[in-house]
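The block underneath contains the structure these notes are about, expressed in structure tokens.
Here, each number is a calculation from the coordinates, and none is a lab measurement. Note that the coordinates shown come from a computational prediction; the quantities given were computed from them, not determined experimentally. Heads up, the Cβs are rebuilt from the backbone with ideal geometry, glycines too, and the neighbour counts pull from every protein chain shown.
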Amino acid sequence: PGTIIDNDYLFNNDNNFICCISNFENSFGIAIVDISSGYFGVSSLFDEASLFNEIDRISPSEILVSNKFKRFDLLSNFKSIQRLNEIKFCYKHAYSVLSSTLKFNDFDKLLLNKNLIISAGCLLSYLGYTQRCKIENITYLDVIDLKSFLYIDNISRINLEIIKNNKG
């Protein structure tokens, strides 16, 4: 679902995000890609409530997690969850995939922690595997500091009709 790029199956005004969640040292990293537009972003989250709220906000078509991810109950509202082998969440592999895809080797300058590198690298590796080709339109990584934004919870987003009209 998150890897669909055929315009006949995509809604014009909606993003078609696929996301990957990593969990390392009591925090989370989330990487998102809209393969049709080439948008690629990462965020750090420090508690489960923030993780759930961010996933709910971006409403991904597909979510990738390790088969050792302990909080599948947080993801029960989402349709397509892919449980990947823990080895796909290896830091060295993720770093290698990320640096070869983005042609950038000093991720410390981007202030990326291990969670961000693991989630971003794992997501790019999955896309390479499923698409069977290099994803040419992903060339930049947007590091999103969620503390810089006003957070609006799901109920408020629905009632304020920020994302979509309540009448359909």
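FRET efficiency for the VAL143 to ILE81 pair, using the beta carbon distance and R₀ = 22 Å, is estimated at 0.30. Ranked by the mean number of other Cβ atoms within 10 Å of their residues, highest first, the peptides 57-63, 119-125 fall in the order 119-125, 57-63. A simple rule links phi to the HN-Hα coupling: the Karplus curve 6.51 cos²θ - 1.76 cosθ + 1.60 with θ = phi - 60°, which for the stretch 123-135 gives 5, 5, 5, 4, 5, x, 5, 6, 8, 6, 7, 6, 7 Hz, with x for Gly and Pro.
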